[in-house]
1. Which numbered condition in (1) surrounded by 16 or more Cβ atoms within 10 Å (Cβ to Cβ); (2) polar (S, T, N, Q); (3) under 15 Å from I4 (Cα atoms) is the only one that S86 fails?
2. Anything in the range 111-146 that is more than 16 Å from I18 (Cα to Cα) and not in a helix (DSSP H, G or I)? List them, or say none.
3. Please verify whether S48 is surrounded by 15 or more Cβ atoms within 10 Å (Cβ to Cβ), in contact with a strand residue (DSSP E or B) (Cβ under 8 Å, 6 or more places away or on another chain) and assigned to a loop (DSSP other than H, G, I, E, B), treating the condition exactly as stated.
4. Looking at the range 113-161, which of its residues are under 17 Å from the mean Cα position of the chain (by Cα) and hydroxyl-bearing (S, T, Y)?
5. Among the residues of the range 9-16, are any part of a strand (DSSP E or B), within 23 Å of I73 (Cβ to Cβ) and more than 11 Å from the chain's Cα centre (by Cα)?
6. Could you grab me the full set of residues in the range 70-89 that are touching a Leu at 6+ places or on another chain (Cβ under 8 Å) and either over 15 Å from T107 (Cα atoms) or part of a helix (DSSP H, G or I) (or both)?
7. With respect to D149, determine if the residue is over 23 Å from S3 (Cβ atoms), acidic (D, E) and either in contact with a Gly (Cβ under 7 Å, 6 or more places away or on another chain) or not in a strand (DSSP E or B) (or both).
8. Hey, does the range 95-109 have a residue that's small (G, A, S), in contact (Cβ under 8 Å) with a residue 12 or more places away in the chain and not in a helix (DSSP H, G or I)?
Amino acid sequence: MSSILVVYYSRTGGTRRIAEAIAARVPVDIEPIQDGGRRSGIRGYLRSLLEAMQNRVIRISPRSKDPSDYDLIILGTPVWAHNMCSPMRAYITAQQQQFRKIAVFCTQGGSGGSKAADKVAELCGRRPAAILVLNEDEIEKNTFAAKLDGFIQSLSQAKAA
């Protein structure tokens, strides 16, 4: 595959784990989004949900990688209130003009991943080359390999097309 950048935000570590699993299978660069906000505990959880429900664009740390240097940007977000997380919304809002192609993966506690992926695509103004939605349970039990392999295969096919 050509040059790929995985950009993700992870509050609890599940989304980071999937980004790292992608990197173990495909040569990619990885850029975690940092927002500097406190998101631990019940207050952090509620803050996160409220920001997602309000479609807030928050302040994030400056990026180190330029997305225009990559053929494909894989965007990874946890699902907060059936939406992308606010740090991902901030990243996309600032960078989406630099994206050539995108793919999306969402990690969810229960549901809303497909809806969140659709919102990512809408904000990017592009149809994703591939979409992956994983449940927290699949991540914790390490039973996501087949879905991840399918996602990566879809990326390869999209590149060939």
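1. (3)
2. Correct list: S111, G112, G125, R126, R127, P128, A129.
3. no
4. Across the range 113-161, the qualifying residues are S114, S154.
5. Start the filter on the range 9-16 by keeping residues that are part of a strand (DSSP E or B), which leaves none.
Within the range 9-16, not a single residue is part of a strand (DSSP E or B), within 23 Å of I73 (Cβ to Cβ) and more than 11 Å from the chain's Cα centre (by Cα).
6. Y70, L72, I73, M88, R89
7. no
8. yes
Read-outs throughout are calculated quantities, based only on the coordinates presented, and are distinct from any laboratory measurement. If you're wondering where the values come from, they're calculated on a predicted model, not measured in any experiment. Positions of Cβ are generated from backbone atoms using ideal geometry, with glycine treated the same way; all protein chains shown enter the neighbour counts.
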